[in-house]
Amino acid sequence: METSKLRVKGARLRASLEQMAQIGATPAGGVHRLALSDEDKQARDLFVRWLKEIDLTATVDEMGNIFGRRPGRNDQLPPVMFGSHIDSHPKGGRFDGILGVMGALEAMRTIHENGVQTERPLVIVDWTNEEGSRFAPAMVSSGVWSGALERDWAYSRTDINGKKQGEELERIGYKGPAPAKKWPTHAYYEYHIEQGPTLERLGKTIGAPKGILCLHWYDVYLQGEANQVGPTPMEGRHDALCAAAEMILAANTLPDRMKGNMVATVGEIQNGPNSRNIIPDKVHFTVDIRSWDDSHAITAWELLKKDFKEIAARRGTPIRIEETWRCPHAPFNEKLVQRVLDTAQQLGYSVHPMVSGAGHDASYMNQVCATAMIFVPSIGGRSHVEVENTTWEDCEAGANVLLHCLLTTANER
Ligand SMILES: [Zn+2]
């Protein structure tokens, strides 16, 4: 059939997103659906039901990744894969991740109801624990699937209550039988909200990132000396929180000192014993460094590490540093990025080439096969917060771009 006229149904996409947003809904209009929580399970069950409704073969692998496969005319050819993630940040938004899964499902529904036969198989995917906010690191399951991370190491990662990722997978019934191991894949697309202000500022509908910045994560542990705050003079204190405060500001000024081309953030901190009348003696905080240039980010980290050691020595607060995770920058496949640009234009949408500052499963998929992403604007550039929002029109536009990128790519020999 003539497929160039095909369009997704915006109202159906909206309804699916709204239904998903009820699972883990927060009073302030966001979503709290942490990886491998009961809410995650509920959303997964619904997703699998929807896959079966359109005759897709659903499989779950040992990392809990969910795949829905539609055969191709030549079913031996490597498939085109596309998807994102269902989990959210604590008090996160209604679009991050889930738009890429529901947009992909809407494209699949459109292909199904129009009886379109593609040359290659199509595989929709929900990757487990993309956010990494309950179990670090992020993108862990595409990391295992692609061969970059070890499965058993991923299983052993614990949340703040000491629960293991592997056990939680089992608890919600999503430790599947299929090996979490890559198979030959022709291409991968991920549709996502931008999570930044660029598209909105430029008045563009579609973003075509040329790749993703590197993501380097560190954990810092400080040991101070606890004591009663009243009788203990200021001289000679070993206040772990004051040491951390200096370190946090050192991280904040790092990009300036490195002449830009990077961002650095401390976003999480635990202070112990966290009492108003005890000098803090145990502090843990995280450092996140991102850049298009991995070696620039590592040089920056070496500088920051020196600062940290100097501060710790001066304040008498012994320091332990864990280099938790490094995901290298991911330059996408140029042909596929161009296809996103061309497809958006053919469909009549304004489009903008850019880079992604946020990490995505597309980072690891880029190590397996030709990869590209499709972005739509985030209102006010806000994301990972409850007010995260994108217009329904833009949600529909991105799904149409995905649909036509899929049709073109899945008919390549
Ligand atoms: Zn996401």
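Things to note:
- Exceeding the 29 Å Cα-Cα cut-off - candidates 91/305; 182/210; 181/305: 91/305; 181/305
- About its Cα centre, the dipole of segment 187-248 is roughly 380 debye, where the only charges are +1 on Lys and Arg Cβ and -1 on Asp and Glu Cβ.
- As a length-normalised measure over Cα pairs under 8 Å and 6 or more apart, the relative contact order of segment 366-413 settles at 31 percent.
- Tilt relative to the chain, helix 98-113 - C-alpha long axis, 0 to 90 degrees, to 10: 10 degrees
- All-pairs Cα distance distribution in segment 213-294, expressed in whole percent, bin size 5 Å: 3, 14, 22, 18, 14, 11, 8, 5, 3, 1, 0
- The value for segment 48-146 of Rg(Cα) / (2.2 N^0.38 Å) is 1.12.
- Farthest toward positive dipole pole in the chain [+1 Lys/Arg, -1 Asp/Glu at C-beta], among 112, 35, 376: 112
- Cross-link reach list, lysines versus residue 204, counting only Cα pairs under 25 Å and skipping chain neighbours closer than eight places: 5, 9, 335
- Helix-only mean residue ellipticity at 222 nm for the chain, each DSSP H run of n ≥ 4 adding -39500 (n - 2.57), per residue, nearest 500: -11000 deg cm²/dmol
- The translational diffusion coefficient of segment 287-413, from Stokes-Einstein at 37 °C and 0.692 mPa s with a Kirkwood hydrodynamic radius over alpha carbon pairs, comes to 184 µm²/s.
- Charge tally in the Cβ shell below 11 Å around residue 286, where Lys, Arg are +1 and Asp, Glu are -1, residue 286 excluded: -4
- Between 0 and 90°, nearest 10: helix 334-346 axis offset from the chain longest Cα axis: 60 degrees
- GNM top mover of 161, 129, 271 - the chain, alpha-carbon springs below 10 Å: 161
- Length-normalised contact order for segment 1-138 - Cα pairs under 8 Å, 6+ apart - percent: 32 percent
- Using a Gaussian network model of the chain in which every pair of alpha carbons under 10 angstrom is joined by a spring, one finds that among 179, 377, 233 the greatest mean-square fluctuation is at 233.
- Think of the chain as a dipole: +1 on every Lys or Arg Cβ, -1 on every Asp or Glu Cβ, centred on the Cα centre; then among 74, 162, 348, 74 lies furthest on the positive end.
- Cα pair distances of the chain binned at 10 Å [whole percent]: 5, 22, 30, 24, 12, 5, 2, 0, 0
- Fluctuation leader among 85, 216, 284 - the chain, Gaussian network, Cα springs under 10 angstrom: 284
- Descending by average beta-carbon neighbour count within 10 Å, the peptides 405-413, 196-204 line up as 405-413, 196-204, the highest first.
- Relative contact order of the chain, defined on C-alpha pairs under 8 angstrom at six or more residues apart (%): 24 percent
- Degrees between helix 38-53 axis and first principal axis of the chain (Cα, 0 to 90, nearest 10): 10 degrees
Where a number appears in this text, it was derived from the coordinates with a stated rule and is not lab data. Since the model is a prediction, treat every value here as computed from it, not as a measurement. Note that each Cβ is placed from the backbone with ideal geometry, even for glycine, and that neighbours are counted across all protein chains shown.
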